[in-house]
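Step one of this worksheet: look at the structure below.
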Amino acid sequence: MKRILLIVASIFAILLLIGVMIIFQFNLRALLEPGRMETLFATKGKRFIIRRASLAVIAPAPPYKQASIKEGYKLFGTDCSECHGYSGRKPTDAGRWMYPRAADLGSADVRRYSDRELFWIVKNGIRLSGMPAFGKVESDQQIWNLVHFVRTLPANPNPNGEGARH
């Protein structure tokens, strides 16, 4: 019995030592780009949490999609362009120096989110990321308008830069 306790204590001590070593390797500075493992774990964890959270009751999307996109375009200019840029593809200085950086809204990463997940993100924000929650300042319909507009952003960046949308 003592031998088993000694083995368990040794394994615990080794795991504790490894955990302490990992913690000391973790860096909170936002000046450096995150490492591959940090990015992988953060991305997978964020996606899992957003997917699970978006399964909750979400307001239905407005029925008139073209009108919704038009309204979303107007709202995007006031609510989102400060960080994501007017094109939604090229972050402003503020968005570029956040950690994590403001997303390229036409990227494959963003396109992998469902409409429900994007709605949840815009409404609730993402803590510790710079993405604010708009649920207390915009109606559900306005949030859907933003989601519909974001879906119209081209997959390829505008080769002429920021000037295309104003």
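The values are calculated or read from the model by the stated rules, or taken from the named source; none is laboratory data. Nothing here was measured: the structure is a model prediction, and the numbers come from that model. Quick reminder, even Gly has a Cβ in these numbers, built from the backbone with ideal geometry, and neighbours come from all protein chains shown. Only protein heavy atoms, including side chains, enter the accessible area calculation; ligands, DNA and RNA are left aside. Shrake-Rupley method; radii C 1.70, N 1.55, O 1.52, S 1.80 Å.
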If we take the stretch 1-83, then helices (runs of 4 or more DSSP H) inside it with 3 or more residues that are closer than 14 Å to PRO100 by Cβ are 36-53
Exactly one of SER139, SER81 is touching a Ser or Thr at 6+ places or on another chain (Cβ under 8 Å) and among the small types (Gly, Ala, Ser), and that one is SER81
Residues of the stretch 88-143 being open to solvent by 50 Å² or more (accessible area, probe 1.4 Å), part of a loop (DSSP other than H, G, I, E, B) and hydrophobic (A, V, I, L, M, F, W, C), in sequence order, are TRP97, LEU128, ALA133, VAL137
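Quick grid of which residues meet (1) under 18 Å from ALA53 (Cα atoms); (2) out of contact with any Gly (no Cβ under 9 Å at 6 or more places or on another chain); (3) modelled with pLDDT of 95 or more:
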| residue | (1), (2), (3) |
| --- | --- |
| GLU117 | yes, yes, yes |
| VAL122 | yes, no, yes |
| ILE126 | yes, yes, no |
| MET131 | yes, no, no |
| GLN141 | no, yes, yes |
| ASN156 | no, no, no |
| ASN160 | no, yes, no |
The condition of being open to solvent by 80 Å² or more (accessible area, probe 1.4 Å) and either at pLDDT below 90 or polar (S, T, N, Q) (or both) holds, among GLU38, GLU33, GLU71, GLU82, only for GLU33
